[in-house]
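Participant: Supplied in structure tokens, the structure appears directly below.
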Amino acid sequence: MVRCLEQLLTKQKKRIIISILVSVLIVSIAALIVLRPLLTTEPKSAQLNVSISIAQTNVYRGGSLQAQVNVESKGNPENVTLSCETANGISNNLNPARGISNFTSTLTLNVSDSTPNGNQSVIVVASSGGVKVSTVSEISVLGDNELSPNVTVSGTVQVGNFPGFSVRLNQIEFVDNQTNSIALVSLPSTYPAGGQSSASGAYSVVLQNEHTYHVLVRVVWGPKNQEITPYTLDGGNLYAYAPAGNTTMPGQNFTLGF
């Protein structure tokens, strides 16, 4: 009788132990299912992205150009270090070279006189926490015989909604951002009768290639067709560039309001 009771208790203990183990296993599997999204992350290299945006990829020997480098990352911000790889006498500068994503850096490329004609690779590398990603772009280096030193820029200027009086175009002014020299172009237009508040005219000017120009438009105005001191309107920046074999840049139109 006692032996049978002992065997029964032993079987009961085994059942309890097995039941506990099964319960622990079920709880562990459930916990793993719940915690798996938290324990599994994307590789960090998939989080970081770098790209180059170059508005104008053609440059002559001895010249320079600028590009925008965009650094992006998903999730938490990352400390990112940028570097650039160029060859054949092309130097580079990144400003800033470090930042917390997301941010934009300005890449300046200076092309030496010894750089050969043709396409040249530009590689930008973004590094963060031991992870590196890179992007490749190309610039086209032109020789002196492929790029005109000057370009004829032309277009129209229109101003409108001058309050209360007639308005007439006077001059358009191109201020060279590199040399501060000024090119003035007359803008003949009829001084309107009847108090018209808008005017328009065409212009054509020869500017230095690969230079940027700040554009100012001068108008005269006054009651009863009496001209008053010129009023200046800001037309922003005009980037004058002629691709190889081209010496004109038409269609540079400005519309300004008061």
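Participant: Quick one: in region 111-144, which of the residues that are touching an Asp or Glu at 6+ places or on another chain (Cβ under 8 Å) and surrounded by fewer than 16 Cβ atoms within 10 Å (Cβ to Cβ) is nearest to Asn49 (Cα to Cα)?
Facilitator: The qualifying residue nearest to Asn49 (Cα to Cα) is Val125.
Participant: Turning to a different aspect of this structure: Only residues in region 116-135 that are in contact (Cβ under 8 Å) with a residue 24 or more places away in the chain count as the first member; pair them with residues that are of a type in the set (Lys, Arg), Cβ under 6 angstrom, at least 6 apart or cross-chain, and list the lot.
Facilitator: Matching pairs, first to second residue: Val125/Lys132; Val131/Lys44.
Participant: Ok, one more. Kindly indicate which of Glu173, Glu138 is modelled with pLDDT of 90 or more, outside the structural domain of Gly63 (by TED's automatic domain parsing), assigned to a strand (DSSP E or B) and of a type in the set (D, E, K, R).
Facilitator: Criteria check complete, one pass: Glu173.
Participant: Also, quick follow-up: Just wondering, is there one or more residues in region 60-68 that are in contact with a Phe, Trp or Tyr (Cβ under 7 Å, 6 or more places away or on another chain), assigned by TED's automatic domain parsing to the domain that holds Gln120 and at pLDDT below 85?
Facilitator: No: zero hits.
The values are calculated or read from the model by the stated rules, or taken from the named source; none is laboratory data. Owing to the predicted nature of the structure, the values given are computational and were not obtained by experimental measurement. When we count neighbours, we look across all protein chains shown, and the Cβ atoms used for this are built from the backbone with ideal geometry, even at glycine.
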